[in-house]
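Asker: Have a look at the structure that comes next, please.
The values are calculated or read from the model by the stated rules, or taken from the named source; none is laboratory data. Only a predicted model underlies this, so the values are computations on that prediction, with no experimental measurement involved. Note that we place each Cβ from the backbone using ideal geometry, even for glycine, and neighbour counts take in every protein chain shown. Side chains included, ligands, DNA and RNA excluded: accessible areas come from the protein's heavy atoms. Shrake-Rupley method; radii C 1.70, N 1.55, O 1.52, S 1.80 Å.
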Amino acid sequence: MASAPRAGPAAAGPRLRALAAQVPESGEQDIPLLLLKLKEILNSASLGCEESKKIKQDIYDYGLTQYCMLVLRQDHSRLRGGWATAAQLAEILSHCCVGLEVKEDPEDFYNKFLPSVIDNLLVLGRRLQARFTRAIKDKQDFLRWFQTVTDATCWLFSGHVQLAACVLQNENFLQLLITDDVETAIIMMSVLHNLLSVSSSVLLQVDEETLHTVLDELVYKLSSTTNPVIGSAATKLLLLVAKCCQQLVKLLTARYKGLKRLLSKQWTGRGFDRDLSQLLDLLSLEQSNGKAEMQRQHQAACIIQATWRGFQTRKRLKKLPQAVTTLQRSFRAKREQKLQQLKKQKEDEALKLQIQLKRQRAMRLFHERQLAFLEIIHASQVNKYMEETERKSALTIQRFWRGYRARRNFHQQRQSLKEYKAAVIIQRAACKFLEKRRRRRPLSPWKDPKGVTDEQRLALQQKVDDYIKLHPASQMSEEMSKELHMQAQEKLAQFLLRSRLDRRAAQRREALLAQVNTDVELLMNAPGLAETTEKDLDVFMSRSIPVATKARQSHNTMLKHTHWPWWKKLGEEFEEDDVIPDDALNAELGTLFIGGKKSF
């Protein structure tokens, strides 16, 4: 389609007024296409002339630049024209702002409006960069639109130099710079190069974190890629940074100690040796200056150390006689202590040797006496003597083993015994404390009930009457209550009589069961018919003899338990007094009737 003829500058005013009146009344989809007409209006006047300045002033006064800035924030994939319209609007907005001199409220324009324009342009650049990396089709179109947006950004901060620091500190710019994509990385490095060319001192105006981020990304690109285009761009940028200020050269040599070796080893002979050699010369010069400074500091440190060592040596020489005396005294004391230790060690070894010799001599004499005694006694008594010796030896071994086991069990139970005693003490103290507290608690004084007013009394009486009407009580005559009382007395007497009869029947059952158990035990322990005597017959004929026999057996068992050795009673510390365990009695009697039950 053929383009329309170019209108003259005189017709720009009415066209701007018509466009400014049409934009607010249009829909969201039509505004970007209407704003594209600003490009034709801007091209109607020559760049830099008074008519061009007047057109830009009118565009700003009519608020069309604000509309352009707001449209850049939208998602252009849903609008007419798409991302191509967004790139053209970015270019139009940049041209409208460059060369514009705002006379009314300039602080708002320079401090708020222009930074917002920069931020919107960078946001649009990030969106285009993201779509370029993900796109499969139309990839070159997204790259071309991204190039248009970055050119508009460069045009804007070249016309307003104060925006250079704002661009460099913007988070979106840093995110655009930190990318692994080669095409967009080259474009962003060219933007950074233009930025440093426009304002060489901008790196000194930003904060330290931003400066380190930019330098880290440049050095990372040099170390992580072999692309000569990226290497050339990064080298030129570092050279521009080094030429900017001596302080930045010191920062490069101090923060990136292997940068010089990386540049000379990896990027030599790649087509940009001139810039690379200039950067290496600057780094070498700074490194040599740093070495000279370090050498001067080293010499100063050596002089200070020599002076201090001389002072310490003279001070030590003054105290030398006293130190020698102290050293000699310490040496003699240590030597005397060592001699005493050697003497004591020899005495201990001699004593051990004497004890061992005495034991061997005593053992030899014992064996000699034993052999002599064996020669004296009769041959028939030798076996008896040897058995007696073995029995005594076994008793000795058993005695030592039982003692060792008893001591071990005692040590194991000591902790539980301590805990038990501690718990008893704590409980006793708590009981005493609670008892004292109960005794000291004063009786609460009697408090008369609060009086009830006549109105409250009438209200309560009314509630009582209403409740009685709703819940009438059943009345019982005196004859019915007496009859009910007599029935209750008869049922109580029947229950008491029945419980007494049941108790007697239970006692009789227990007595019969005890008699049966006793008879069964006597029958089990009775001798055979061939060995039966009259005494055994009396046991089965009389009922008192079995009871006396069981009582005598129980009494003998209890007496035997009281005569046990101490090591058999170690487990009874926590039992009550005069209580014999059932296991002990069963071990002695086998089967015994105790307390009306049969234990097996």
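Asker: Quick test for you: out of A152, A233, pick the one residue that is in a helix (DSSP H, G or I), touching a helix residue (DSSP H, G or I) at 6+ places or on another chain (Cβ under 8 Å) and more than 25 Å from A86 (Cβ to Cβ).
Answerer: Result of the check over A152, A233: A233.
Asker: Can you work out which of the residues in segment 70-83 that are surrounded by 15 or more Cβ atoms within 10 Å (Cβ to Cβ) and hydrophobic (A, V, I, L, M, F, W, C) is nearest to F146 (Cα to Cα)?
Answerer: W83
Asker: A further question follows. Could you list, in sequence order, all residues of segment 54-70 that are of a type outside the set (A, V, I, L, M), closer than 13 Å to L16 by Cβ and either in contact with a Phe, Trp or Tyr (Cβ under 6 Å, 6 or more places away or on another chain) or not in a loop (DSSP other than H, G, I, E, B) (or both)?
Answerer: K54, K56, Q57, D58, Y60, D61, T65, Y67
Asker: Additional query: Before we move on, is L434 among the aliphatic types (A, V, I, L, M), out of contact with any Pro (no Cβ under 8 Å at 6 or more places or on another chain), modelled with pLDDT of 85 or more and open to solvent by less than 100 Å² (accessible area, probe 1.4 Å)?
Answerer: Yes, satisfied.
Asker: Here's a follow-up. Of all residues in segment 89-122, count the ones that are open to solvent by 70 Å² or more (accessible area, probe 1.4 Å) and touching a residue at least 24 places away in the same chain (Cβ under 8 Å).
Answerer: Here the count works out to 2.
Asker: Considering each residue of segment 297-339, count those that are among the polar types (S, T, N, Q) and open to solvent by less than 100 Å² (accessible area, probe 1.4 Å), and give that number.
Answerer: The number of residues fulfilling the criteria is 8.
Asker: I would also like to ask the following. Pick from V198, V219, V214, V206: which is β-branched (V, I, T) and either open to solvent by 50 Å² or more (accessible area, probe 1.4 Å) or touching a residue at least 60 places away in the same chain (Cβ under 8 Å) (or both)?
Answerer: None of the others qualify; the one that does is V198.
Asker: Of everything in segment 123-142, what is under 48 Å from the mean Cα position of the chain (by Cα), open to solvent by 10 Å² or more (accessible area, probe 1.4 Å) and either closer than 20 Å to C68 by Cα or in contact (Cβ under 8 Å) with a residue 12 or more places away in the chain (or both)? Give them in sequence order.
Answerer: V123, R126, R127, Q129, R131, T133, F142
Asker: Right, here's the next one. Would you please list the contacts, defined by Cβ atoms under 9 Å and residues six or more apart or on different chains, that run from a residue in segment 306-324 that is small (G, A, S) to a residue that is surrounded by fewer than 10 Cβ atoms within 10 Å (Cβ to Cβ) and in a helix (DSSP H, G or I)?
Answerer: Filtered contacts from segment 306-324: no entries.
Asker: How many residues does segment 71-87 contain that are touching a residue at least 12 places away in the same chain (Cβ under 8 Å), out of contact with any Pro (no Cβ under 9 Å at 6 or more places or on another chain) and not in a loop (DSSP other than H, G, I, E, B)?
Answerer: 4
Asker: Confirm whether E572 is modelled with pLDDT under 75 and closer than 30 Å to Q413 by Cβ.
Answerer: yes
Asker: Scan segment 173-185 and tell me whether some residue there is under 27 Å from L239 (Cα atoms), without any contact (Cβ under 8 Å) to a residue 60 or more places away in the chain, among the acidic types (D, E) and open to solvent by less than 40 Å² (accessible area, probe 1.4 Å).
Answerer: Yes.
Asker: Six or more apart or on different chains, Cβ atoms under 7 Å: show the pairs whose first residue is in segment 246-264 and polar (S, T, N, Q) and whose second is open to solvent by 40 Å² or more (accessible area, probe 1.4 Å) and assigned to a helix (DSSP H, G or I).
Answerer: As it stands, the answer is T253/Q287, since those pairs meet every condition given.
Asker: Could you identify the single residue in S284, S190 that is of a type in the set (G, A, S) and within 23 Å of E171 (Cβ to Cβ)?
Answerer: Unique residue meeting the criteria: S190.
Asker: Quick one: in segment 27-62, of everything that is of a type outside the set (A, V, I, L, M, F, W, C) and exposed (fewer than 13 other Cβ atoms within 10 Å of the Cβ), which residue is farthest from G159 (Cα to Cα)?
Answerer: It comes out as G27.
Asker: Yes or no: segment 285-301 includes at least one residue that is within 50 Å of the chain's Cα centre (by Cα) and modelled with pLDDT of 85 or more.
Answerer: Checking segment 285-301: at least one residue is within 50 Å of the chain's Cα centre (by Cα) and modelled with pLDDT of 85 or more.
Asker: Condition test on T253, is it part of a helix (DSSP H, G or I) and modelled with pLDDT of 80 or more?
Answerer: no
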